[in-house]
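> Structure below; questions to follow.
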Amino acid sequence: MNPIVIKLGGAAGVSVAPVLADIANLVRAGYPIVLAHGTSAAADELAARVGHPCRQITSPSGHVSRYTDPETLELYVMAAAGGVNKNIVAALQQMGCNALGLSGVDGRLLLARRKAAVRAVEGGRQRIIRDDHTGQIEAVNGDLLTMLLASGYTPVIAPLALGLEGERLNVDGDRAAAMIAGAVNADALVILSNVPGLLADYPDESSLIRHVDPARLAAVEGLAQGRMKKKLLAAQEALERNVPTVVLADSRRAMPVAAALRGEGTVIGERVLSIENDRLQIKDLRLRIEDGALQTAEQVTR
Ligand code: ADP
C-alpha cells in the first residue's frame, strides 16, 4: 500500500489534536502515513521571546518566506526540530501511534541548495539578501521513509534540510511535503491549514474552490495571496512527481484528515469524490471513515 503524506500547518489557528487523532486511527487501521509539519507560529513566538523578531522576505513574484539570518536559523531549528516536532511525536505516542521524529537534516532525508543571493522586494524596491539560510530541496531520501514505514514507525518530519556543505537550512514545509510525497509514491498529499482550502474570494470561506483540474492550476494562482501561493506551488510540484491527488483542507473541523480524503477542501488532481476515477486505496479510505467505525478493505470494496 502506498503512503499518504499529510502536511500539518504551523500557523496560528491550525488545530493540531484532531489531525493527530485521525492519523493515529489511520495508522491503527493499517494505512502508512508520513506527517510533515510547519513551524511558523512557534518560530515567531520563540523569536519574539528572545528579542529577535521574525522578518519576512517577499520575492519579486510575490512569494513570502521567513528571512533566515544565522540567529533566526538557530531559533528556527529549536522551534522546528525541538519544540513542534517533539510535541507532535509525544502526542501521537500518547495515542498509541509509534511516531518517530526527524528533520530533513537526519539521515540526509532532505538535501537542499542554499540560495546564496535572494531577491527581495521592500517598499516597492528590490534588494539582494546574502545571509539567508533558506534552501530549495533537490533530493529526498525516500528509502529511509520506506524503511521506517515498513518497520511500523510513523515518520514526523520537521521542515529543515541539509545543505550541500552540510549546513542546516530552513525549507518551506508545504514544498518539503510535496517532495516527500513524490519520493514515497504517495497516493495523496493532504495539506491541512487554518482555511477550508483555496478561496476564490479570500477570506470569504463560502467561496471555497472544490476542484481544480491540474491542467488549470496556473489559472487559479492569481486568487492566492501570501502563504497560499506556496501551497499551490507545492501542489504543482507534487503532481509533477506523479502524486495523483493533492487536497488543501481545513484542520479546524472534526475528523479533518478523513474529511480531506473524501474531498472536502480543494481537490487538485484525481477527484476523490468520483468513484469511477478514484484510486482504490483512497476510495477505501473514504468509505471506511464515513462509516464511523473501522471496516476492512474487503468489506468496503465488496
Ligand atoms: P500553514 O502554516 O497552516 O501552512 P499558512 O499561513 O502558510 O498556513 O497558509 C494559509 C494562509 O494562506 C491562510 O491563513 C490565509 O491567510 C492565506 N491565504 C491567502 N490567499 C488565500 C486564498 N485565496 N485562499 C485561502 N487562503 C489564503
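The values are calculated or read from the model by the stated rules, or taken from the named source; none is laboratory data. It should be emphasised that the depicted structure is a prediction, and the values quoted were computed from it without experimental measurement. Neighbour counts are summed over all protein chains in view; Cβ atoms, including those assigned to glycine, are modelled from backbone coordinates with ideal geometry.
> Within the range 168-193, how many residues are at pLDDT below 95 and more than 24 Å from SER40 (Cβ to Cβ)?
So the count comes out to 1.
> Take VAL64 and decide whether it is more than 15 Å from the chain's Cα centre (by Cα), under 24 Å from VAL121 (Cα atoms) and among the β-branched types (Val, Ile, Thr).
On the way: more than 15 Å from the chain's Cα centre (by Cα): yes; under 24 Å from VAL121 (Cα atoms): yes; among the β-branched types (Val, Ile, Thr): yes.
Yes: the conditions hold for VAL64.
> Within the range 29-36, is there a residue that is at pLDDT 95 or above, buried (at least 23 other Cβ atoms within 10 Å of the Cβ) and touching a Gly at 6+ places or on another chain (Cβ under 9 Å)?
yes
> Being among the polar types (S, T, N, Q), touching an Asp or Glu at 6+ places or on another chain (Cβ under 9 Å), within 26 Å of PRO32 (Cβ to Cβ) and more than 9 Å from the ligand (Cβ to nearest atom): is that true of THR245 here? Show your work before the answer.
Details: among the polar types (S, T, N, Q): yes; touching an Asp or Glu at 6+ places or on another chain (Cβ under 9 Å): yes; within 26 Å of PRO32 (Cβ to Cβ): yes; more than 9 Å from the ligand (Cβ to nearest atom): yes.
Yes; evaluated as a whole, the condition is true for this residue.
A quick yes/no check of all residues on (1) out of contact with any strand residue (DSSP E or B) (no Cβ under 8 Å at 6 or more places or on another chain); (2) touching a residue at least 12 places away in the same chain (Cβ under 8 Å); (3) hydroxyl-bearing (Ser, Thr, Tyr):
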{"site": "GLY10", "(1), (2), (3)": "no, yes, no"}
{"site": "VAL14", "(1), (2), (3)": "no, yes, no"}
{"site": "GLY38", "(1), (2), (3)": "no, yes, no"}
{"site": "ALA41", "(1), (2), (3)": "yes, yes, no"}
{"site": "GLU74", "(1), (2), (3)": "yes, no, no"}
{"site": "LYS86", "(1), (2), (3)": "no, yes, no"}
{"site": "LEU102", "(1), (2), (3)": "no, yes, no"}
{"site": "VAL105", "(1), (2), (3)": "no, yes, no"}
{"site": "ARG108", "(1), (2), (3)": "no, yes, no"}
